[in-house]
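Everything on this sheet refers to the single structure shown next.
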Amino acid sequence: MKHLGKTLIGVAVVAALAGGGYWFVQQRAAQNPETRYKFATVEKGDVTQTVSANGTLTPLVLVNVGTQVSGTVRKLYVDFNSKVSAGQKLVELDQSLLQTVARQSQANVVNVQTSYDLAKANEARMRALLDKEYISRQDYDQSLQSLKSAQAQLLQAKAAADKDQVNLGYSVITSPVSGVVVARLVDIGQTVAASFQTPTLIQIAQDLTKMAIDTSFAEADIGNIKEGMPVRFTVDAFPNRSFQGVVQQIRLNPTNTQNVVTYNVRINVDNPELVLLPGMTAYVSIGVQKRPGALLVPNAALRFKPADAAGKKESDAGKPAGGGQGNGAPVGGQGGKAKKRDSQSGTVYVLAEGEIKPLTVQIGITDNRNTEIVSGELKEGDRIVTGENSNGDKKPSSVGMRMF
């Protein structure tokens with residue numbers, strides 16, 4: 001019995017030693033940077049910085065066809081998507097009232113014409129009597145004045161008749177341009193009133209093979225955008241297809257919405273296949289800067305910070321691997337306060353001699369995935385940390401024998 005107790009104690013000691021050794025090995029493995037962290041290799045490549053915004057596709061020339069006279073729509077010659085040519089009939093209004101007014105004007109012209117003829121005959125007779133000195137000069141002047149007044153009234157009546165005739169012609173609305181009808185805003189029997197504002201009846205896109213995007217960019221981005229820059233955009237109708245455009249105009253009139261200043265940028269787009277339709281939302285991206293052959297690091301590497309570095313001072317975390325103070329790194333000032341970090345500097349963690357070390361670098365442009373490294377001790381081929389493995393910070397479970 002005594003011998004059995006010694007045997008159990010020996011087995012327990014051996015198991016404890018084995019479990020401790022296994023725990024020690026796992027803990028060392030967990031502290032190994034190759035196991036704990038995710039790495040990426042610094043490479044060279046091309047990077048393009050872009051600015052993005054949303055906009056709306058519109059026809060390059062959109063004509064709103066209205067009416068200058070009031071009336072009831074009697075005929076419609078076109079419908080949605082109808083192709084029209086310049087001068088083609090679009091809408092015809094009821095002409096009954098306009099024809100009546102035109103006839104009244106013509107009758108008034110005839111009436112005034114007879115008054116003018118009478119005044120002209122009277123002036124001729126009075127002139128003959130004046131030559132024979134049968135009447136005074138004053139009597140002749142009165143007849144001449146009546147003639148001129150009748151002549152003026154005749155001209156006025158003819159002008160009113162011409163106006164009413166033109167209004168009668170306006171009852172037939174024709175297309176001012178060739179294109180495609182994109183909107184019809186009236187129906188047969190509808191009354192339109194052209195009083196203070198011309199009502200729109202038809203909208204015509206002159207050429208849907210040439211379209212435009214009206215979009216707005218913030219004032220922080222507008223300085224990098226220039227006329228003639230190439231543009232890439234997508235639409236929801238074709239999410240896997242990219243389209244091309246060109247910046248046509250940067251309009252100088254700003255829009256201020258809740259203290260946010262934006263500028264309208266108009267982009268010209270070719271649409272030879274007619275797949276882009278008016279009103280589509282375009283997701284625009286403009287490449288404003290490009291660096292070929294730049295030294296690139298993933299953006300995740302610039303965001304990474306080791307968990308055990310949370311308690312360290314910012315000045316310590318920003319020191320480069322060589323122990324010196326890097327460009328843009330914070331420097332201890334008076335009173336123990338650190339200077340503000342340069343907005344163009346960043347810190348990456350490099351694997352060196354089996355350990356990760358912070359390295360301060362100067363950064364350039366970014367494409368939201370990779371960032372250009374302008375200066376610093378980082379070089380091509382270095383391995384930098386982009387994150388921690390999901391199980392890298394877990395401590396290994398201890399293994400042993402439970403004692404009874």
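Quick note: the coordinates plus some simple rules give every number you see, no bench work behind them. Owing to the predicted nature of the structure, the values given are computational and were not obtained by experimental measurement. Cβ atoms come from the backbone with ideal geometry, glycine included; neighbour counts cover every protein chain shown.
Couplings for the stretch 295-305, taken from phi via the Karplus curve 6.51 cos²θ - 1.76 cosθ + 1.60 with θ = phi - 60°, read 7, 10, 10, x, 4, 4, 5, 6, 8, 6, 8 Hz in order; Gly and Pro are left as x.
How many Å³ per residue does the convex hull of the Cα positions in the stretch 200-247 occupy? Walk me through the intermediate numbers first.
Values: hull volume 7.3 nm³, N = 48.
Given the Cα convex hull of the stretch 200-247, per-residue volume reads 153 Å³.
Take the cross-link list LYS210/LYS290; LYS83/LYS158; LYS89/LYS163; LYS38/LYS290; LYS226/LYS379 and give me the ones stretching past 31 Å between alpha-carbons. In this structure, LYS83/LYS158; LYS226/LYS379 exceed 31 Å between Cα atoms. When Rg and Dmax are taken over the Cα atoms of the stretch 150-285, they come to 22.8, 77 Å. Identify the residues of the stretch 178-217 with backbone N under 20 Å of a label point that sits 7 angstrom from the Cα of ALA86 along the Cα-to-Cβ direction, or state none. Flagged as within label range: 178-182, 202-211.
Computed 3J(HN,Hα) for the stretch 85-92, one whole-Hz value per residue from the Karplus formula 6.51 cos²θ - 1.76 cosθ + 1.60 where θ = phi - 60°, is 10, 4, x, 6, 5, 10, 9, 10, glycine and proline marked x. Here the simple spin-label model places points 7 Å from the Cα toward Cβ, and for VAL61 and LYS290 these points are separated by 3.3 nm. Below 15 angstrom from the Cβ of LEU130, what's the summed charge of the other residues (Lys, Arg +1; Asp, Glu -1)? Once positives and negatives cancel, what remains is -1. Residues in the stretch 167-193 near a label at GLN106, defined as backbone nitrogen under 17 Å from the 7 Å Cα→Cβ point? Once the point is set 7 Å along Cα→Cβ of GLN106, 167-171 turn out to lie under 17 Å by backbone N, inside the stretch 167-193. With each label modelled as a point 7 angstrom along the Cα→C-beta vector, the ASP117-LYS210 pair spans 5.6 nm.
Treat each spin label as a single point 7 Å out from the Cα along the C-beta direction, and report the GLU43 to SER242 distance in nm. A separation of 1.7 nm, rounded to one decimal place.
When both the stretch 255-287 and the stretch 102-117 are represented by their alpha-carbon centers, they are found 58 Å apart.
The GLN249 and ASN224 beta-carbon pair, evaluated with R₀ = 25 Å, returns a calculated FRET efficiency of approximately 0.95. Along the stretch 362-376 the Karplus relation, 6.51 cos²θ - 1.76 cosθ + 1.60 evaluated at θ = phi - 60°, assigns HN-Hα couplings of 9, 9, x, 7, 9, 10, 6, 10, 10, 10, 6, 9, 7, 8, x Hz to successive residues, with x for each Gly and Pro.
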